[in-house]
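Participant: So that we are looking at the same thing, I have put the structure below in structure tokens.
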Amino acid sequence: MTFLVIGIDAATWKIIKPNINELKNFRRLMKIGRYKTLILNEKPISASAWCSIFSGKTPEEHKHKAFVENGNLKTRDDIKVDFIWDILHKQNYDVRALNIPFVIPPYNFNCKFKPVGYGLPETPDEWQEELEKVTSKAIEILEEKPDLLCVVYSLLDRIQHFHWNEPIVLEWYKRIDSVIGKLILYADKFIIISDHGFCDRDDAEVQTLPEKTPRGEIKGDHDKEAILITNIDYDIEKLQDVFYAIMEEMKNGQGNYGNGI
Ligand SMILES: [Zn+2]
């Protein structure tokens, strides 16, 4: 059995729900599973939110609030928590983490992967490259039937910052929808989650980028409404619950998950 967590940075129901007939994998998974809006209790900052999701800790506990601190990029070792993969690995589960953007460049556990654009893909070519490279690496891992794979796509966040309210955004949701369809074939249990939602820059909870950048004007930014789709029973109410949901599922699935004790 494989438990698959697919993170889609910045995915929002604002795009998915009105276009659901064009997003057939989202539609199918929402139908066979359950879905909801996760309202963040914390600031919708990617570094902090992904850290909360995979450590089960609040920002006050994990103290990782931004990619940069005192002018330096923070690294995994600066964050004094055990992540879900650290804990389950010690319990002999086969656990992999691919392209997890709580640090720049994104973090990998038990797999080798070179992130596209240092984890900040900014051109259409880089967005496509990330989509393809992350997907093919994820499939390579899933073929080995790990107990848990956590994988994150970061491209939608970048696309929406530059193109919010433009038709091109939906095109990329369709491409994400298509790769979800490929990965999900390997999963018995799944969680699909975003770290925050998205909205007009002027309405945003946080302005994570200046209005004008060398790559163009910033049109959208983060809000507090993340998405969740899952086929597990655990009641996920906040980002941190994902950690506990996975732990619980692994415990209940003892014997079903390959290498578990
Ligand atoms: Zn994000």
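Participant: I'd like the distance between the alpha-carbon centres of segment 25-48 and segment 192-261, rounded to an integer number of Å.
Facilitator: 6
Participant: Find me the longest stretch of the chain that has none of the exposed GluC sites (Glu not before Pro), where exposed means in a DSSP loop (not H, G, I, E or B) with at most 15 other Cβ atoms within 10 Å.
Facilitator: After excluding every exposed loop site, the longest remaining stretch is 1-142.
Participant: Hey, another quick one. Be a star and scan segment 120-139 for residues whose amide nitrogen sits under 20 Å from the point 7 Å along the Cα-to-Cβ vector of residue 178.
Facilitator: 121-139
Participant: Further question on the same structure: For a 23 Å ceiling on Cα separation, which of these pairs sit above it: 112/182; 112/251; 90/145?
Facilitator: 112/251
Participant: Could you work out the per residue convex hull volume over the alpha carbons of segment 3-252, in cubic angstrom?
Facilitator: 118
Participant: Taking R0 as 25 Å, what's the FRET efficiency between residue 91 and residue 188 from their Cβ-Cβ distance, rounded to 0.05?
Facilitator: 0.85
Participant: Normalised by the number of residues in segment 7-103, what is the relative contact order in percent for Cα pairs under 8 Å and 6+ residues apart?
Facilitator: In percent, rounded to a whole number, it is 24.
Participant: Ranked by Cβ crowding within 10 angstrom, fewest neighbours first, how are 57, 133 ordered?
Facilitator: 133, 57
Participant: Tell me, what is the percent relative contact order of segment 3-252, built from C-alpha pairs under 8 Å that lie six or more residues apart?
Facilitator: About 34 percent, as a whole number.
Participant: Using Cα atoms only, what is the angle between the long axis of helix 168-184 and the major principal axis of the chain, expressed in degrees (0 to 90) to the nearest 10?
Facilitator: 10
Where a number appears in this text, it was derived from the coordinates with a stated rule and is not lab data. All of these numbers come straight from a predicted model, not from anything done at the bench. For neighbour counting, all protein chains shown are included, and Cβ atoms are generated from backbone atoms with ideal geometry for every residue, glycine included.
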